[in-house]
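Here is the structure we will look at.
The values are calculated or read from the model by the stated rules, or taken from the named source; none is laboratory data. Computed from a predicted model, the values in this text were never measured in an experiment. Backbone-built Cβ (ideal geometry, glycine too); neighbour counts: all protein chains shown. Areas reflect the complete protein model, heavy atoms only, side chains present, ligands, DNA and RNA absent. Shrake-Rupley method; radii C 1.70, N 1.55, O 1.52, S 1.80 Å.
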Amino acid sequence: DTREPGELQDTGRIPGAINIPIKTAPDSFHISADEFEDRFGYPRPAPDAEVIFYCRSGVRSRAAAGLARDAGWTNVGEYPGSWLDWAAKGGKVER
């Protein structure tokens with residue numbers, strides 16, 4: 001989930017998603033694994049792990065996917081409809 005933490009407080013998130021806010025932390029995939037864990041509180045996904053980005057409508061997730069690819073991640077996807085699509089289709093929400 002590439003939205004800002006305040007957005008998640010308002011809406012919740014897709015179950016199992018981790019928050020990597022692209023606007024305030026665009027360097028997230030370019031910092032060391034230790035710094036990532038210190039900053040976000042959980043381990044950084046491995047460069048070969050499947051990572052799927054989403055945001056509110058798809059713009060920030062596209063940018064985050066590009067940044068991850070530039071940093072060497074190889075199994076990167078995007079959820080084009082992002083949160084708006086998930087919520088409109090009645091997807092489960094984790095708070």
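Tabulated data for the structure shown
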quantity: Nearest 10 degrees, 0 to 90: helix 59-70 Cα axis against the chain principal axis; calculated: 20
quantity: Projected label distance in nm at Glu94 and Ile18, using a 7 Å step from Cα toward the beta-carbon; calculated: 1.1
quantity: Using distinct alpha-carbon pairs, which all enter the 1/r mean, Kirkwood radius of the chain in Å; calculated: 13.4
quantity: The chain: calculated mean residue ellipticity at 222 nm from DSSP helix runs of at least 4, using -39500 (n - 2.57); calculated: -10000 deg cm²/dmol
quantity: Other-chain or far-sequence residues with amide H under 5 Å of Gly77's (modelled H); calculated: Val51, Ile52, Phe53
quantity: For Ile52, net neighbour charge (Lys/Arg +1, Asp/Glu -1) across residues whose Cβ lies under 11 Å away; calculated: -3
quantity: Carbon + sulfur, % of accessible area of the chain - ligands and nucleic acids excluded, 1.4 Å; calculated: 52
quantity: Mean projected area in nm² (Cα convex hull; one quarter of hull surface) for the range 1-41; calculated: 2.9
quantity: Whole-Hz couplings from phi, Karplus 6.51/-1.76/1.60, listed for the range 74-85; x for Gly and Pro; calculated: 10, 10, 10, x, 10, 9, x, x, 6, 4, 4, 5
